[in-house]
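Derivation of every value follows stated rules applied to the coordinates shown; laboratory data play no part. Just so you know, these numbers come straight off a predicted model, no measurement behind them. All Cβ positions, glycine included, derive from the backbone under ideal geometry; neighbour counts span all protein chains shown.
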Amino acid sequence: MKNMDEKLNESHEATMRFVFEQIAKTDPQMVASTMLAIAMRLYKTILTKDDFQLFVDTVASEADRIEPFNRPSIN
């Protein structure tokens, strides 16, 4: 049976493949907003009300630490 790290890595890789496939087809902001909306609904579903608020507060307070993807320059 796979351990949690392996499952997490597989999920991350599959999600990243899907996201980049969608970005190749449409506006990256549309993809990002859709993914964020889905994630927020998932968290709202699986967390308690207090834990959800803690999650939202943590994301907001850590916003400056989020790194953008490296985008190749077109020159």
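Structure summary
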read-out	value
Checklist (1) surrounded by 10 or more Cβ atoms within 10 Å (Cβ to Cβ); (2) under 13 Å from the mean Cα position of the chain (by Cα) applied to residue 56, failing item	(2)
Qualifying residue in the range 37-51 (condition: under 19 Å from residue 70 (Cβ atoms) and of a type in the set (S, T, N, Q))	no
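The rows are residues; the columns are (1) among the basic types (Lys, Arg); (2) closer than 23 Å to residue 57 by Cα; (3) in contact with a helix residue (DSSP H, G or I) (Cβ under 7 Å, 6 or more places away or on another chain); (4) surrounded by 10 or more Cβ atoms within 10 Å (Cβ to Cβ).
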{"site": "4", "(1), (2), (3), (4)": "no, no, no, no"}
{"site": "14", "(1), (2), (3), (4)": "no, no, no, yes"}
{"site": "19", "(1), (2), (3), (4)": "no, no, yes, yes"}
{"site": "22", "(1), (2), (3), (4)": "no, no, yes, yes"}
{"site": "26", "(1), (2), (3), (4)": "no, no, no, yes"}
{"site": "32", "(1), (2), (3), (4)": "no, yes, no, yes"}
{"site": "35", "(1), (2), (3), (4)": "no, yes, yes, yes"}
